[in-house]
Amino acid sequence: MYDLIIIGMGISGISASIYAKRAGMNVLLLEGSAPGGTINKINKIENYPGISSISGPDLAYNLFDEVNKLGIEYKLERITDVILEEIKKVKTPNNVYEAKYLLIASGRHPKMLGLKNEEKFLGRGISTCALCDGALYKNSDVAVIGGGSSALSEALYLANIVNKVYLIHRRDEFRGEDTLIQDVKQKGNIELILNNEVTGLKIENDVLTGITLKDQKELNVKGIFIYVGFIPNTDFLINSGVNLEDGYILVDEHHETNIKGVYASGDVTKKEIYQIINAASEGAEAVVYMTNKTN
Ligand code: NAP
């Protein structure tokens with residue numbers, strides 16, 4: 001029986017685990033994928049205080065290193081279900097773990113466009129990670145879809161590797177950060193295609209060769225990078241009784257859900273701002289609030 005189980009080893013869950021360990025809690029971290037979460041897919045992080053510039057994978061490595069140095073227990077197991085009574089039970093395919101408190105920091109995953117054959121060509125021309133796959137398209141033309149900060153920053157990253165980037169957005173204005181918008185506009189090999197949408201994939205001999213747009217135009221691109229937002233990782237909460245909105249977890253000002261002793265932090269929660277810095281602080285705060293209640 002643990003004091004606290006944390007679901008998710010992104011920056012929010014790991015920050016929480018550091019605070020919990022230092023508060024003397026018996027804590028278990030559970031992660032269904034790779035430690036580090038979403039930051040593993042970010043090229044450059046330049047807005048985290050004290051670190052002027054770091055790659056996402058390097059920050060993820062540093063976080064994981066800290067988990068190991070502090071001797072925080074972790075297990076890489078996929079969560080299938082939770083039972084949230086006085087004792088919180090977390091089920092994985094082969095185990096059931098129990099704790100007094102639960103913190104859900106399971107993050108979110110990229111949304112797709114819903115095009116025919118999109119899933120089939122994921123990893124074979126379609127990507128949601130420029131950092132992971134950009135090098136495959138060296139000197140080729142690629143398309144980036146989306147109008148938020150992710151699409152803008154990843155288009156800039158790709159523009160340094162590939163021949164040309166078509167940045168395709170369904171509106172005439174971007175919603176991403178102003179500095180990124182200015183940088184994109186100044187980059188010589190990024191062509192903006194606004195008020196347009198991708199309607200289909202061009203496939204020849206089982207190879208992705210391009211895309212068709214709403215205005216019937218065709219673009220010959222070897223790679224398509226999709227950055228159109230996210231879906232929260234809350235499938236395992238379907239029967240839990242935790243209040244969700246659009247799949248995101250609703251929490252109060254102490255990061256507690258509607259179920260006593262169950263907290264949530266980071267990108268899996270419903271909130272205004274999805275930044276690395278507040279994901280980290282929310283994890284830490286949740287632990288401070290739960291330990292204050294205990295004392
Ligand atoms: P986002 O802000 O939600 O933007 C998603 C974009 O995709 C929007 O422009 C949206 O268009 C478009 N979109 C959604 N569904 C679409 C569809 N079916 N077809 C075509 N376009 C579609 O997501 P994000 O850019 O990944 O950013 C997520 C959060 O991370 C934000 O809070 C952002 O500030 C933060 N972030 C920050 C940085 C940084 O450098 N500080 C970098 C990356 C992300 P509409 O505009 O028309 O809705």
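The values are calculated or read from the model by the stated rules, or taken from the named source; none is laboratory data. Just so we're clear, the structure is a prediction, and the values are computed from it rather than from any experiment. So basically every Cβ, Gly included, is an ideal-geometry build from the backbone, and we count neighbours across all protein chains shown. The area values use the complete protein model at the heavy-atom level, side chains included, leaving out ligands, DNA and RNA. Shrake-Rupley method; radii C 1.70, N 1.55, O 1.52, S 1.80 Å.
About the Cα centre of region 112-226, what is the dipole size in debye to 20, counting +1 per Lys and Arg Cβ and -1 per Asp and Glu Cβ, all else neutral? Let's see the in-between values first.
Details: 14 positive and 16 negative charges, 34 e Å.
Once rounded to the nearest 20, the dipole reads 160 debye.
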Quiz item: In terms of Cα to Cα distance under 19 Å, which lysines are near enough to Lys187, apart from those fewer than 8 places away along the same chain?
Solution: Lys44, Lys138, Lys164
Self-check item: Beta bridges by DSSP in region 111-266, antiparallel share as percent, to the nearest 5
Solution: 40
Quiz item: Which ³J(HN,Hα) values, rounded to whole Hz and listed in residue order, are derived for region 235-248 from phi using the Karplus coefficients 6.51, -1.76 and 1.60 in 6.51 cos²θ - 1.76 cosθ + 1.60 with θ = phi - 60°, glycine and proline given as x?
Solution: 3, 6, 9, 3, 9, 8, x, 6, 6, 10, 9, 6, x, 7
Exercise. Give the relative contact order (percent, whole number) for the chain; include only Cα pairs under 8 Å separated by 6+ residues.
Key: 21
Exercise. Over region 26-169, with every protein chain in place, what whole percent of the accessible area is carbon and sulfur at 1.4 Å, could you tell me?
Key: 47
Self-check item: Heavy-atom SASA rank of Phe64, Phe121 (probe 1.4 Å, accessible area, largest first)
Solution: Phe64, Phe121
Quiz item: In the chain, if every C-alpha pair distance is counted and binned at 5 Å from zero, what percent goes to each bin?
Solution: 1, 5, 12, 15, 16, 14, 11, 10, 8, 5, 2, 1, 0, 0
Quiz prompt | Across Lys116/Lys271; Lys41/Lys271; Lys75/Lys271; Lys111/Lys270, pairs whose alpha-carbon gap is larger than 24 Å | solution = Lys116/Lys271; Lys75/Lys271
Self-check item: Length gained when the stretch Tyr289-Leu113 is fully extended (0.36 nm per residue, less Cα-Cα span)
Solution: 59.5 nm
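Of all DSSP beta bridges located in the chain, what percent are antiparallel, nearest 5? Kindly include the intermediate steps, with their values, before the conclusion.
Numbers: 24 of 56 bridges.
In the chain, approximately 45 percent of DSSP beta bridges are antiparallel ones.
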Quiz item: Measuring from the lowest to the highest alpha carbon on each principal axis, how far does region 112-226 reach, largest first, in angstroms?
Solution: 40, 29, 21
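Ordering Asp172, Asp133 by how much accessible area each has at a 1.4 Å probe, largest first, what is the list?
Numbers: Asp172 100, Asp133 40 Å².
Reading off the accessible areas and sorting them downward yields Asp172, Asp133.
For the chain, return all DSSP H helices satisfying: extent of Cα atoms along own axis at least 27 Å; mean Kyte-Doolittle hydropathy at least 0.0.
Numbers: long enough: 276-294 (28 Å, 0.25).
Answer set is 276-294.
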Self-check item: Value of relative contact order over region 145-224, rounded to a whole percent, pairs C-alpha under 8 Å and six or more apart
Solution: 25
Exercise. Quick one: check the C-alpha center-to-center distance for region 146-167 versus region 254-282, whole angstrom.
Key: 29
Quiz item: Given a 1.4 Å probe, how much area per residue of region 112-226 is accessible, in Å²?
Solution: 52
